[in-house]
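The next block holds one structure in the form of structure tokens; read it before the comments.
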Amino acid sequence: MRLTHAEINLGNFKSNIKNIKALLEPQTKVCVAVKANGYGNGAVRCAKAAKEAGADFLAIAAVSEGIELRENGVDLPLLMLSLCCPEEIPDVIKYSITPLIFDKEVIKLYDRELEKIGAQLKFSVHMAVDTGMGRIGIRKEEAAEIARAIVNSKHLTLGGMCTHFAVSDSLTPEDVAYTEKQHDDFMTAIKNVEDAGINPGIRHCCNSPATLNHPEWQLDMVRPGIVVYGYYPDQITKEYLEKKGTPVEIKPVMTLVSGVCAIRHFSKGQSVSYGHTWTAEEDTDIAVIPCGYGDGFLRRFNEIVKPSINGKSYPIRGRICMDQFMIDIGHDNKDVKRWDKVILFGDKTCGAIVDAQDIADATNTIPYEIMTGISSRVERVYIE
Ligand SMILES: *Cc1c(COP(=O)(O)O)cnc(C)c1O
């Protein structure tokens, strides 16, 4: 195996799901988001571990992600959160993927395709309601009309209804009010559908922050993502939840590791990497680490990540290259040997100095982007 790889702790992943489930009523379904290759952690193994931990549904974004899961034996219901194009509809049906639908054009496309293949059973779709995310979904005023079009079609059935929050990870008074209005509007949309004599099916609205902060909004199903991979959503932090009296313990699933592939002596005045941005001010030893921005370990991490070797951290020197970077281990360091393991970021209880949240905070992004940015060249190694 290459020195650079991502350790994926499925034990942490499963305990994160179980700790979230502990907030919920036993009958509430859990739809674990495994889109974007399981937030970079590996979709197939995370999907299987999610099932073991009691997940009822899995959320994907693309048809190709659903095909990958099905071809690897994943049999849970798959909810597709993004729209696909008409050419992909035959595969949505063939691989039993549940799409989100909110307009008559797409209802017709599905109905026609199901007619063409002579479908016997009704095909379940969920109706998306846009209550303020401004992405996909029907507005609450037209929810009953679209629900009617679904149930009146020849081959479709309304399996569920959902909405998605835009600012449920924020605690500013305006954002809290916005989220409450979104929830109210979703409840109105559900009532409009029920008043039209239509069963809304599985009702779901909670992403990670809403699941943690508003378990009273769990309805029939929740859709956590980031939290199952071990990160708290923005302002819904560990401390906030403790103070509120509903603590939830979660641990990072991904730890990015590498190794020392060479140790080289540098004399005072010799410089390191592109651009000569660092020059040795005294004699020292430089360890070469075979990981770079081609692995998703970005150039702008060099002031932030403090790689650790055998429990001690060392500074990155010079620019991070595409495939390698260098750290300063100091002259004649007996604690570092060639081929030693280097921990870059992840689970601090396993020796990481920073986690994806720390990197995200320092680079003006979110842990989602740090994890999904770890490229496909980095092998995912699973720890049960
Ligand atoms: C990605 C996504 C989720 C999960 O979001 P997290 O913030 O990771 O919990 C839930 N619902 C929808 C519609 C999504 O797109």
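The values are calculated or read from the model by the stated rules, or taken from the named source; none is laboratory data. Small disclaimer: the values here were computed from a predicted structure and weren't measured. For neighbour counting, all protein chains shown are included, and Cβ atoms are generated from backbone atoms with ideal geometry for every residue, glycine included. Ligands, DNA and RNA are excluded from the accessible area calculation, which covers all protein heavy atoms including side chains. Shrake-Rupley method; radii C 1.70, N 1.55, O 1.52, S 1.80 Å.
Tabulated data
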{"quantity": "Top-ranked residue of the stretch 138-171 - restricted to ones that are closer than 20 Å to residue 31 by Cβ and of a type in the set (S, T, N, Q), ranked as farthest from the ligand (Cβ to nearest atom)", "calculated": "157"}
{"quantity": "3 or more residues under 20 Å from the mean Cα position of the chain (by Cα): qualifying strands (runs of 3 or more DSSP E) within the stretch 173-271", "calculated": "202-206, 254-259"}
{"quantity": "Any hit, the stretch 343-351, residues being outside any helix (DSSP H, G or I), touching a Leu at 6+ places or on another chain (Cβ under 6 Å), open to solvent by less than 30 Å² (accessible area, probe 1.4 Å) and aromatic (Phe, Trp, Tyr)", "calculated": "yes"}
{"quantity": "Among (1) open to solvent by 30 Å² or more (accessible area, probe 1.4 Å); (2) among the acidic types (Asp, Glu); (3) not in a loop (DSSP other than H, G, I, E, B) - the single one residue 285 does not satisfy", "calculated": "(1)"}
{"quantity": "Checking residue 309 against (1) open to solvent by less than 20 Å² (accessible area, probe 1.4 Å); (2) out of contact with any Phe, Trp or Tyr (no Cβ under 8 Å at 6 or more places or on another chain); (3) over 18 Å from residue 3 (Cα atoms), the condition it does not meet", "calculated": "(3)"}
{"quantity": "Which listed residue is open to solvent by 30 Å² or more (accessible area, probe 1.4 Å), away from the ligand (no atom under 16 Å from the Cβ) and modelled with pLDDT of 95 or more, from 232, 314, 274", "calculated": "274"}
{"quantity": "Within the stretch 1-50, considering residues that are within 14 Å of the ligand (Cβ to nearest atom) and among the small types (Gly, Ala, Ser), the one surrounded by the most Cβ atoms within 10 Å (Cβ to Cβ)", "calculated": "38"}
{"quantity": "Residue tally, condition over 15 Å from residue 110 (Cβ atoms) and open to solvent by 20 Å² or more (accessible area, probe 1.4 Å), over the stretch 139-152", "calculated": "7"}
{"quantity": "Test result for residue 3, within 30 Å of residue 342 (Cα to Cα), part of a loop (DSSP other than H, G, I, E, B) and either in the same structural domain as residue 375 (by TED's automatic domain parsing) or of a type outside the set (Lys, Arg) (or both)", "calculated": "yes"}
{"quantity": "Selection within the stretch 85-130 - under 27 Å from the mean Cα position of the chain (by Cα), surrounded by 19 or more Cβ atoms within 10 Å (Cβ to Cβ) and not in a helix (DSSP H, G or I)", "calculated": "97, 98, 99, 100, 101, 102, 125, 126, 127, 128, 129, 130"}
{"quantity": "Filter result for residue 319 (in contact (Cβ under 8 Å) with a residue 12 or more places away in the chain, open to solvent by 20 Å² or more (accessible area, probe 1.4 Å) and either over 23 Å from the mean Cα position of the chain (by Cα) or assigned by TED's automatic domain parsing to the domain that holds residue 14 (or both))", "calculated": "yes"}
